[in-house]
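The values are calculated or read from the model by the stated rules, or taken from the named source; none is laboratory data. Please read these numbers as outputs of a predicted model, since none were measured by experiment. Ideal geometry is used to build each Cβ from the backbone, glycine not excepted, and the neighbour counts take in all protein chains shown. These accessible areas exclude ligands, DNA and RNA; they are computed on the full protein's heavy atoms, side chains included. Shrake-Rupley method; radii C 1.70, N 1.55, O 1.52, S 1.80 Å.
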Amino acid sequence: MKKLFSIISLVGVIAACQPEKLDTTFEPEDAVATITCSATRIDTGEDITAQVTFNASPANSANNVITLTGDPSIAATSVKIDASWEHNGTTYTGTQIVPINALLAGGKASYTATFVLGVYTNPEDMDFYEEFVSSEISSVDRTYFTRFDHSALHTHDGAEWAYNATEFVKYAIVNYQVISSENVTGVSMEGKYINYKSIVDRFTKKHEIEPEIVDDTVTFPVSAWSMYTAYIDVITLHNAYNVICENKMGDKTVIAKFFVDSKGTAFNHEEAAHPNHASHYVEGHGVDDPEQSHGHGSQNAGGGIVIAD
């Protein structure tokens, strides 16, 4: 009786030590390979990554990071990356093939791709030119003309006016001198561009023009019942220019500024109503008198005019 009890007890102990049944499911993560792209300018080494568009196949692109996701693993493959940079109206492109090693589910891998974009420019290939910036009148030297025949003269507003107290249109002849010149008054250039000084000198030299004086003649009509005058202005202009250096990528750099004083001559004439015949005066009106007109008869158009001494 005691023996049977022992056997039953042993069976109970064995049953109690058996483990419970396990039912567990494993969910592996997808493998992920990332490629971080960067780009620099070929001529300056400047980082232009933020200005470049990167596209990849077969992969997803977000800014400069390319991501290849497994399903769930990644077999050995390669990713083609195209880089595109817009600069000064020109598109510069580059392509790279990045090999990707096989990855098991849950694996992670990182790669890099560096692009060098643009066009390298040798100093000898730079394009240099001048650019007009501004102009302002520095001074005006005005000279009025006086007649040398025996016509009556009238002083008005600091000038001598001649009379045409007739019903005829007359033609006044003015002989004068056209004065022109240019000279550089200053050059501004930073020290880092000193190697380009000979090029800058080439542009400034073109604006060193010795004074030139040329005789000229102007004929203009004078209305009936009028008084008239004429004058020349010798005008000095203060002009500013830039010297531009442009590389093969269209980048423009101001390497120097220079300033030029230029002189030129402008002719002008005016007329107004004759003080004693104002009621008859109409600008541009009068009867044409062949004997008083330029090129006809012995009276030369109502008298020559010369610059006063």
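Things worth noting here:
Conditions tested, residue by residue: (1) surrounded by 13 or more Cβ atoms within 10 Å (Cβ to Cβ); (2) in a strand (DSSP E or B); (3) not hydroxyl-bearing (S, T, Y).
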residue	(1), (2), (3)
Y193	yes, no, no
I213	no, yes, yes
F220	yes, yes, yes
A224	yes, no, yes
Y228	yes, yes, no
Y231	yes, yes, no
I235	yes, yes, yes
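- Any hit, the stretch 72-80, residues being under 30 Å from P275 (Cα atoms), of a type in the set (K, R) and surrounded by 12 or more Cβ atoms within 10 Å (Cβ to Cβ): no
- A50 meets all of the listed conditions (1) under 39 Å from the mean Cα position of the chain (by Cα); (2) modelled with pLDDT of 95 or more; (3) in a strand (DSSP E or B) but one, namely (3).
- Residues of the stretch 84-109 satisfying the condition of being over 17 Å from G250 (Cβ atoms), part of a strand (DSSP E or B) and open to solvent by less than 70 Å² (accessible area, probe 1.4 Å): G94, Q96, V98, I100, L103, A109
Conditions tested, residue by residue: (1) of a type outside the set (D, E, K, R); (2) farther than 30 Å from A266 by Cβ; (3) without any contact (Cβ under 8 Å) to a residue 40 or more places away in the chain.
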| residue | (1), (2), (3) |
| --- | --- |
| G89 | yes, yes, no |
| Q96 | yes, yes, yes |
| T112 | yes, yes, no |
| M126 | yes, yes, no |
| E131 | no, no, no |
| E136 | no, no, no |
| A165 | yes, no, no |
| F168 | yes, no, no |
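- Under the condition of being loosely packed, with under 15 Cβ neighbours inside 10 Å, in a loop (DSSP other than H, G, I, E, B), modelled with pLDDT of 90 or more and in contact with an Asp or Glu (Cβ under 9 Å, 6 or more places away or on another chain), the residues counted in the stretch 246-285 number 0.
- Residue within the stretch 146-160 that is among the hydrophobic types (A, V, I, L, M, F, W, C), farther than 24 Å from C37 by Cα, modelled with pLDDT under 90 and part of a strand (DSSP E or B) present: yes
- Test: K192 is modelled with pLDDT of 95 or more, farther than 30 Å from S73 by Cβ, among the basic types (K, R) and under 37 Å from the mean Cα position of the chain (by Cα): no
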